[in-house]
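The values are calculated or read from the model by the stated rules, or taken from the named source; none is laboratory data. Everything numeric in this text was worked out from a predicted model, so none of it was measured. Reconstructed Cβ throughout: ideal geometry from the backbone, glycine too, with neighbour counts over all protein chains shown. Surface accessibility is based on the protein's heavy atoms, side chains included, excluding ligands, DNA and RNA. Shrake-Rupley method; radii C 1.70, N 1.55, O 1.52, S 1.80 Å.
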Amino acid sequence: MSAFLPVQLDTTRLTLRFLDDNDTAAIYALFSDPAAVRYWSCPAWQEMAQAHDYIAQTLQHYADGSALRWALVNGEQAVVGVVTLYHFDRQNARCDVGYMLARPYWGQRYMQEALKAVLDYGFGTLRLHRIEADIHPDNAASVRLLQGLHFRLEGHLRERWFVDGEISDSLILGLLARDWRSAN
Ligand SMILES: CC(C)(COP(=O)(O)OP(=O)(O)OC[C@H]1O[C@@H](n2cnc3c(N)ncnc32)[C@H](O)[C@@H]1OP(=O)(O)O)[C@@H](O)C(=O)NCCC(=O)NCCS
């Protein structure tokens with residue numbers, strides 16, 4: 001697979017840009033907040049080394065073309081979240097989307113704004129046919145966010161994740177390129 005070269009996406013309030021080593025502290029702040037990771041696939045981070053690993057893996061994913069991750073930067077130059085396109089299946093033109101927003105910024109439609117730009121890029125420049133998301137069934141904000149972006153609820157998979165001694169189901173939501181185009 002070929003490498004992903006840096007891509008910047010601009011929205012009204014945010015700049016979406018590739019991550020680098022300077023983002024380590026901001027990424028740690030995001031993923032060490034227990035409330036933010038309540039429905040995530042791992043427990044809250046407790047060591048800065050986890051943020052270093054995350055950045056190193058992100059850079060590796062850019063280099064090997066396996067995932068695209070953007071930092072969401074606001075007008076004050078603060079990193080307020082991340083969005084990732086991953087699990088690329090080139091043959092079938094699909095991937096998954098994941099996202100995380102820092103708690104002070106919830107409920108202000110920042111993620112909706114960021115995902116619109118990422119979906120435009122995915123269905124436009126990347127020519128994807130389908131984008132999927134795997135959501136904890138109790139994550140009402142995330143389900144609502146995706147349904148507002150025209151994702152459809154397509155499945156409920158039982159007992160798919162073990163996190164911190166708790167087993168949880170997944171809701172699978174999917175969006176097709178034609179759904180996105182006809183809605184925009
Ligand atoms: C889920 C998350 C991304 C939502 O981002 P956000 O910027 O706060 O959401 P938005 O403001 O864009 O809102 C999108 C929709 O969700 C709704 N919403 C937001 N918070 C909500 C909540 N707590 N409960 C129910 N609906 C909620 C909004 O009303 C809006 O719907 P509407 O357009 O129909 O009114 C954010 O809360 C987050 O990062 N949480 C922690 C990490 C996480 O759970 N990531 C997703 C894992 S898959």
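From its DSSP helices (H runs of at least four residues, each -39,500 (n - 2.57)), the chain gives a residue-normalised ellipticity at 222 nm of -9000 deg cm²/dmol. Shown here for the stretch 70-146: GluC sites (Glu not before Pro) in loop regions (DSSP other than H, G, I, E, B) with at most 11 other Cβ atoms within 10 Å, namely E76.
Report the local net charge at A71: Lys and Arg +1, Asp and Glu -1, summed over other residues whose C-beta lies under 15 Å from its C-beta. Counting the neighbours of A71, the net charge comes to -3. Please state the shape class of the stretch 1-91: rounded when a/c is under 1.5, otherwise prolate if a/b exceeds b/c and oblate if not, all from the C-alpha gyration tensor. It comes out oblate by the Cα gyration axes. Taking a sphere under 15 Å around the Cβ of D33 and counting the other residues whose Cβ falls inside, with K and R at +1 and D and E at -1, yields a net charge of 0.
Each residue of the stretch 163-180 was assigned a 3J(HN,Hα) from its phi angle through the Karplus expression (A = 6.51, B = -1.76, C = 1.60, θ = phi - 60°), giving 9, 6, x, 10, 9, 9, 7, 10, 9, 9, 10, x, 10, 9, 4, 6, 5, 5 Hz with x at Gly and Pro.
Stretched out straight at 0.36 nm per residue, the stretch from S41 to T12 would grow longer than its current Cα-Cα span by 7.4 nm.
Computed over protein heavy atoms with a 1.4 Å probe, the carbon and sulfur contribution to the accessible area of the stretch 9-183 reaches 47%. Hey, can you list the DSSP H helices of the chain whose Cα span along the axis is 15 Å or longer and whose average Kyte-Doolittle score is at least 0.0? Membrane-span-like by this criterion, though nothing is claimed about a membrane: 110-123.
In this structure the chain gives 54 Å² per residue of accessible area when probed at 1.4 Å with all protein chains present.
Apply the a/c threshold of 1.5 to the C-alpha gyration tensor of the chain and tell me whether it is rounded, prolate or oblate. Rounded. Classify the stretch 59-149 from the C-alpha gyration tensor, please: rounded if a/c falls under 1.5, else prolate or oblate depending on whether a/b exceeds b/c. Note, shape of the stretch 59-149 comes out oblate.
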